[in-house]
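So the structure is just underneath, and the comments pick up after that.
The values are calculated or read from the model by the stated rules, or taken from the named source; none is laboratory data. Please read these numbers as outputs of a predicted model, since none were measured by experiment. Heads up, the Cβs are rebuilt from the backbone with ideal geometry, glycines too, and the neighbour counts pull from every protein chain shown. The accessibility values were calculated without ligands, DNA or RNA, using every heavy atom of the protein model including side chains. Shrake-Rupley method; radii C 1.70, N 1.55, O 1.52, S 1.80 Å.
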Amino acid sequence: MPEINKITADDIRAALKAGFSDFLARPVMSGFFGLFYALFGIFIVWSLVWLEMLWMILPALVGFPLVAPFAAAGLYEMSRRMERGEPFGWSDILTVMADQRNREMGWMAFVTLFVFWVWVYQIRLWLALILQNSSFSDMGGFLNVVFFTPEGWTFLAVGTLVGAGLSAVLFAVTVVAMPMLLDRETNFVTAMVTSVRVVAENPVVMLGWAAIISVTMVLSLVPAFLGLIFTLPILGHTTWHLYRRAVPPVEE
């Protein structure tokens with residue numbers, strides 16, 4: 001198992017500064033990953049509208065940031081190469097990302113998508129159990145039931161608690177695991193355990209980082225997902241630098 005460093009709020013500030021510098025160094029390529037993620041979110045909403053599942057839009061928007069760590073894989077690779085002073089182009093980054101399907105990263109993608117699926121399924125379960133006697137035929141009716149009825153408040157409370165638990169679990173097992181799998185040859189179980197150890201040994205600092213990610217991602221969804229073009233790359237680059245501060249590099 002890799003060693004774990006103690007990190008502080010200063011490490012988060014330094015990682016944010018380095019992440020912003022990485023974004024400014026390659027804004028077009030970094031922004032591409034943010035744009036791709038934003039378009040994916042728009043596609044999800046459009047699909048739910050087309051399928052006339054308007055009641056699923058709000059849960060989907062809340063759960064959408066859960067898959068952000070995997071979407072940022074290309075950003076981790078960019079920061080890794082910039083840190084080493086290695087030149088790279090589009091083909092270099094995209095090739096590395098494509099190669100991850102044959103490595104342990106594929107298992108991490110499965111874990112991420114599985115948690116997202118659990119989130120969507122449990123929302124359907126609470127809808128059926130708590131709002132079974134409520135009537136709504138459009139998005140406005142759904143929001144009215146959720147925010148202005150006792151049943152809706154119960155639904156929000158239960159959904160928030162379960163969602164917070166799922167988010168905490170996913171954050172703990174991925175925040176370090178994703179960049180670690182790109183950085184070194186290791187298995188996804190070791191990467192997840194290392195990620196959990198980092199969170200467990202630095203609970204206050206990592207909770208602060210989780211709060212920064214959550215607030216930033218939610219605010220980025222407001223302007224039709226377009227805020228993600230800028231915020232996802234910065235958060236992705238920052239996560240790489242925070243990983244490097246939390247897990248000492250392998251001595252060569």
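Let me confirm something: among Gly31, Gly63, which residue is touching a helix residue (DSSP H, G or I) at 6+ places or on another chain (Cβ under 9 Å), of a type outside the set (A, V, I, L, M, F, W, C) and buried (at least 20 other Cβ atoms within 10 Å of the Cβ)? Step through it out loud before you land on a result.
Numbers: Gly31 fails: buried (at least 20 other Cβ atoms within 10 Å of the Cβ).
Of the residues listed, the single one that is touching a helix residue (DSSP H, G or I) at 6+ places or on another chain (Cβ under 9 Å), of a type outside the set (A, V, I, L, M, F, W, C) and buried (at least 20 other Cβ atoms within 10 Å of the Cβ) is Gly63.
Pick from the range 209-241 the residues that are surrounded by 14 or more Cβ atoms within 10 Å (Cβ to Cβ) and more than 15 Å from the chain's Cα centre (by Cα): which of them is modelled with the lowest pLDDT?
In this case the residue turns out to be Leu226.
How many residues does the range 176-192 hold that are open to solvent by 10 Å² or more (accessible area, probe 1.4 Å) and within 19 Å of Leu207 (Cβ to Cβ)?
Initial filter on the range 176-192 (open to solvent by 10 Å² or more (accessible area, probe 1.4 Å)): 182-190, 192.
Narrowing further to those that are within 19 Å of Leu207 (Cβ to Cβ): 192.
Residues that pass the stated criteria total 1.
For the range 242-252, enumerate the residues that are basic (Lys, Arg) and open to solvent by 70 Å² or more (accessible area, probe 1.4 Å).
First, pick out the residues of the range 242-252 that are basic (Lys, Arg): 244-245.
Across the range 242-252, the qualifying residue is only Arg245.
Limited to the range 218-234, what total is found for residues that are under 15 Å from Phe36 (Cα atoms) and part of a helix (DSSP H, G or I)?
Restricting attention to the range 218-234, the residues satisfying the condition of being under 15 Å from Phe36 (Cα atoms) are 220-221, 224-234.
Retained after the next criterion (residues that are part of a helix (DSSP H, G or I)): 220-221, 228-234.
Going through the range 218-234 one residue at a time, the tally reaches 9.
For the range 177-224, how many residues meet the condition of being among the aromatic types (Phe, Trp, Tyr) and under 19 Å from His237 (Cα atoms)? Working first, answer last.
As a first pass, look at the range 177-224 and keep what is among the aromatic types (Phe, Trp, Tyr): 188, 209.
If we keep only those that are under 19 Å from His237 (Cα atoms) as well, we get 209.
Selection size over the range 177-224: 1.
Based on this model, can you work out whether Leu207 counts as assigned to a helix (DSSP H, G or I) and in contact with a Lys or Arg (Cβ under 7 Å, 6 or more places away or on another chain)?
Details: assigned to a helix (DSSP H, G or I): yes; in contact with a Lys or Arg (Cβ under 7 Å, 6 or more places away or on another chain): no.
So Leu207 fails the test.
Please go through (1) surrounded by fewer than 16 Cβ atoms within 10 Å (Cβ to Cβ); (2) of a type outside the set (Gly, Ala, Ser); (3) over 18 Å from Phe70 (Cα atoms) for Val205 and return the number of the only condition it doesn't satisfy.
Condition not satisfied by Val205: (1).
Exactly one of these conditions fails for Gly165: (1) open to solvent by 40 Å² or more (accessible area, probe 1.4 Å); (2) out of contact with any helix residue (DSSP H, G or I) (no Cβ under 8 Å at 6 or more places or on another chain). Give me its number.
(1)
Pick out, from the range 1-118, the helices (runs of 4 or more DSSP H) lying fully within it that include 2 or more residues that are without any contact (Cβ under 8 Å) to a residue 24 or more places away in the chain and basic (Lys, Arg).
Values: elements: 9-25, 27-50, 57-63, 68-71, 73-84, 90-99.
Once the helices (runs of 4 or more DSSP H) in the range 1-118 are filtered for at least 2 residues that are without any contact (Cβ under 8 Å) to a residue 24 or more places away in the chain and basic (Lys, Arg), what remains is 9-25, 73-84.
Just need a number here: residues in the range 90-110 that are modelled with pLDDT under 80 and buried (at least 17 other Cβ atoms within 10 Å of the Cβ).
Counting residues in the range 90-110 that are modelled with pLDDT under 80 and buried (at least 17 other Cβ atoms within 10 Å of the Cβ) gives 6.
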